[in-house]
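Reading through the structure tokens given below for one structure.
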Amino acid sequence: MLTRRAFLAVTTAALASPAIGQSRARDSDLEAAIAPLDQLHSLQVRLGDDVIFSAAPRGPGLDRLANIKSCSKSLVSLVLGDAIARGYVPSVTATLGQVAPRLIPRGADAAVNEITLEDLVTLRAGLERTSGANYGGWVNSSNWVADALNRPMLDRPGGRMLYSTGSTHVLGAALAEASGESLLSLMRSALGRPMGIEIAPWTRDPQGRYLGGNEMALSPRAMLDIAVMVRDGGMFEGRQIIPATWIEESAVPRTRSQFSGLGYGYGWFLSRSGYMLARGYGGQVIAVNRDRGLAVSITSDPTRPARSRGYFGDIMALLEGPVFNTT
């Protein structure tokens, strides 16, 4: 005869077994999906309040700093939202000439004065790109801000998207100029201290300005925390980190990438499947799907490319397939 305690134990096991089975099936699906991705270092998936998958088959693991490359651009956007809330800059429509006129070099096109912070964060400054084939020459220049702003205007400010790390670097420099703090200090006050995550010093330009838009480092666990915060409208562990209105505005498509076809908001790529994506060279990704309750971090080999028709395409297939279906 079953005792009451034994009966309860059997009943509890029976009720739990479907959930356990689903969890094992989910883990198996995700493990199978990432097995052939030899560039992938780590994958973490959080659904609601639970981390439902966490693996680091390669690389330094989940707790050591990883170069997040151009995911930095999305973090600069978050700092811009915080800077507006703190009153360091009046609004996203403020111009470079209003916010940081001393950054504008002599001889720059007159239109440079009218470039807005919104133009910079959406990569629509109109200036010739400093990324791609131009990146090496740009970072070897004696003044990265001046070099970026002295480039020819290929479109009007606010026109088409011209993906350029120089635009985000100018934005970071403008925020530092307006606030009187370094971009590192702004990052730490906006994200690091209130979220309890480590933000280490990173690359600086010849004038000592921290590079806006590349070469930052976060641990994969910190990347997941950033994803959770963005997913939850700027809230993290009961505290409003970034204004909810800024997160909402960041998710509105303002332009579209000619390379990936993804939409682009305030520093975040936007997929038709509902993802907000921070994307960095090599396959560094912070991904949020608010409708599905998903927060995802991915780190990858930072020395190998991740093109839209290559490894980044594999990442999108992972996000829009096995990860998406975990819900």
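Tabulated data
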{"item": "Selected residue (only one of Pro206, Pro201 is within 16 Å of Leu103 (Cβ to Cβ) and out of contact with any Lys or Arg (no Cβ under 8 Å at 6 or more places or on another chain))", "result": "Pro206"}
{"item": "Of all residues making up the stretch 239-261, the number that are hydroxyl-bearing (Ser, Thr, Tyr), in a loop (DSSP other than H, G, I, E, B) and closer than 14 Å to Val288 by Cβ", "result": "0"}
{"item": "Complete set of residues in the stretch 124-178 that are polar (S, T, N, Q) and either within 15 Å of Ala100 (Cα to Cα) or buried (at least 20 other Cβ atoms within 10 Å of the Cβ) (or both)", "result": "Thr130, Ser164, Thr165, Ser167, Thr168"}
{"item": "One residue from Asn150, Asn113, Asn134 being closer than 20 Å to Gly208 by Cα and not charged (D, E, K, R)", "result": "Asn150"}
{"item": "Qualifying residue in the stretch 130-149 (condition: aliphatic (A, V, I, L, M) and closer than 20 Å to Arg256 by Cβ)", "result": "no"}
{"item": "Residues satisfying the stated conditions in the stretch 170-184, i.e. under 18 Å from the mean Cα position of the chain (by Cα) and over 25 Å from Arg129 (Cα atoms)", "result": "none"}
{"item": "Total residues in the stretch 276-327, condition in a strand (DSSP E or B) and farther than 11 Å from Gln39 by Cβ", "result": "14"}
{"item": "Evaluation of Leu184 against (1) closer than 30 Å to Leu47 by Cβ; (2) touching a Phe, Trp or Tyr at 6+ places or on another chain (Cβ under 6 Å); (3) among the hydrophobic types (A, V, I, L, M, F, W, C) (one fails), failing number", "result": "(1)"}
{"item": "Number of positions in the stretch 78-107 that are in contact (Cβ under 8 Å) with a residue 24 or more places away in the chain, touching a Ser or Thr at 6+ places or on another chain (Cβ under 6 Å) and either assigned to a strand (DSSP E or B) or within 21 Å of Ile241 (Cβ to Cβ) (or both)", "result": "1"}
{"item": "Long-range neighbours under 6 Å by Cβ, at least six apart or interchain, first residue without any contact (Cβ under 8 Å) to a residue 24 or more places away in the chain within the stretch 282-304, second surrounded by fewer than 24 Cβ atoms within 10 Å (Cβ to Cβ)", "result": "Asp291/Gly274"}
{"item": "Residue match in the stretch 209-216 (condition: buried (at least 17 other Cβ atoms within 10 Å of the Cβ) and assigned to a strand (DSSP E or B))", "result": "yes"}
{"item": "Residue match in the stretch 221-238 (condition: in contact with a Gly (Cβ under 8 Å, 6 or more places away or on another chain), among the basic types (Lys, Arg), at pLDDT 95 or above and part of a helix (DSSP H, G or I))", "result": "yes"}
{"item": "Given (1) modelled with pLDDT under 95; (2) surrounded by 12 or more Cβ atoms within 10 Å (Cβ to Cβ); (3) more than 21 Å from Arg231 (Cβ to Cβ), index of the condition Ala6 fails", "result": "(2)"}
{"item": "Matching residues, the stretch 240-258, being surrounded by fewer than 16 Cβ atoms within 10 Å (Cβ to Cβ), touching a Phe, Trp or Tyr at 6+ places or on another chain (Cβ under 7 Å) and closer than 17 Å to Arg129 by Cβ", "result": "Arg256"}
{"item": "Residue check for Gly166: outside any loop (DSSP other than H, G, I, E, B), under 15 Å from Val76 (Cβ atoms) and touching a helix residue (DSSP H, G or I) at 6+ places or on another chain (Cβ under 6 Å)", "result": "yes"}
{"item": "Only listed residue being in contact (Cβ under 8 Å) with a residue 40 or more places away in the chain and under 12 Å from the mean Cα position of the chain (by Cα), chosen from Ala227, Ala222", "result": "Ala227"}
{"item": "The lone exception for Gln258 - which of (1) modelled with pLDDT of 95 or more; (2) more than 27 Å from His41 (Cβ to Cβ) it fails", "result": "(1)"}
{"item": "Test: Ser185 is assigned to a helix (DSSP H, G or I) and under 15 Å from Asp82 (Cα atoms)", "result": "yes"}
{"item": "Search result, residues across the stretch 108-128 that are farther than 19 Å from Arg160 by Cβ and outside any helix (DSSP H, G or I)", "result": "Ala108"}
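The values are calculated or read from the model by the stated rules, or taken from the named source; none is laboratory data. Everything numeric here is computed off the predicted structure, so don't read it as measured data. So basically every Cβ, Gly included, is an ideal-geometry build from the backbone, and we count neighbours across all protein chains shown.
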